[in-house]
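Data block below; observations after.
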Amino acid sequence: MTTTSGTAERPPVALRTEALEQLLTERGLLDPEAMNAIITTYETNVGPLNGAKVVAKAWTDPEYRRRLLEDGTAAIRELGFEGPQGEHIVVVENTATTHNVVVCTLCSCYPWPVLGLPPSWYKDPAYRSRMVKEPRTVLSEMGLELDDDVQITVHDSTSEVRWLVLPERPAGTEHLSEEDLVPLVTRDSMVGVAKAEVP
Ligand code: FE
């Protein structure tokens, strides 16, 4: 195996991943072109915009919202979003009194078809362990202050279930159309570490 340059400044995980990719490629188990195509797809074509469309529809269509909370996977598929890491998506709704936030304590399970690839902080060991133990503190550190009477539920993703948070529709948006609401729905609000943006 050849040595790659600039090993000093890259974290061990990145180096191990590179070495593994190289080994799998050499053994003919991995096609780097196919691998790159998948990454590009999830980085650029699929992203939080899909999730934002789901949320905006749920905010404006009570019947769709009901279906979404009842069977997330099926309701999300109605909009054409499906694929790897999205075989079983459960949607949980944030309200004025209940707040849901998602973590994967084991690794970085994430609902790819609606949110794209997970951000680096989601994969961070500190986020993964601390969100379960002290969610209110971690959320506050991430800029989300919740009142003491708001009930927080932390959902731990598994290889079986991926979670999507349906954030609360911001006040003062009653006049906005589904299309106008989409930009208010951020990735972070669908993981539950932020609220949807106020226009
Ligand atoms: Fe995971």
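For this structure, a couple of remarks:
- Only residues that are touching a helix residue (DSSP H, G or I) at 6+ places or on another chain (Cβ under 7 Å) and under 16 Å from Gly86 (Cβ atoms) were counted across the range 144-165, and they come to 2.
Table: residues versus (1) more than 17 Å from the chain's Cα centre (by Cα); (2) on the phi > 0 side of the Ramachandran plot; (3) buried (at least 20 other Cβ atoms within 10 Å of the Cβ).
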position: Pro84; (1), (2), (3): no, no, no
position: Ala96; (1), (2), (3): yes, no, no
position: Val101; (1), (2), (3): no, no, yes
position: Ser108; (1), (2), (3): no, no, no
position: Ser120; (1), (2), (3): no, no, no
position: Pro125; (1), (2), (3): no, no, no
position: Thr153; (1), (2), (3): no, no, no
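- Applying the criterion of at least 2 residues that are at pLDDT below 95, under 20 Å from Gly47 (Cα atoms) and not aliphatic (A, V, I, L, M) to the helices (runs of 4 or more DSSP H) found wholly in the range 83-167 leaves 112-115, 120-123.
- Count of the range 88-112 residues which are in contact (Cβ under 8 Å) with a residue 60 or more places away in the chain and within 16 Å of the ligand (Cβ to nearest atom): 7
- Residue check for Leu176: in contact with a Ser or Thr (Cβ under 8 Å, 6 or more places away or on another chain) and of a type in the set (A, V, I, L, M): no
- Among the residues of the range 155-199, the ones that are outside the structural domain of Leu106 (by TED's automatic domain parsing) and surrounded by fewer than 16 Cβ atoms within 10 Å (Cβ to Cβ) come to 3 in all.
- The numbered conditions (1) among the acidic types (Asp, Glu); (2) at pLDDT 85 or above; (3) part of a loop (DSSP other than H, G, I, E, B) are all true for Glu9 except (2).
- Between Pro62, Pro48, the distinction of being away from the ligand (no atom under 16 Å from the Cβ) and more than 17 Å from the chain's Cα centre (by Cα) belongs to Pro62 only.
- Filter pass, Thr173 being touching a Leu at 6+ places or on another chain (Cβ under 8 Å) and either closer than 18 Å to Val54 by Cα or among the acidic types (Asp, Glu) (or both): yes
The values are calculated or read from the model by the stated rules, or taken from the named source; none is laboratory data. Here the structure is a predicted model, which means the values were calculated and not measured. So basically every Cβ, Gly included, is an ideal-geometry build from the backbone, and we count neighbours across all protein chains shown.
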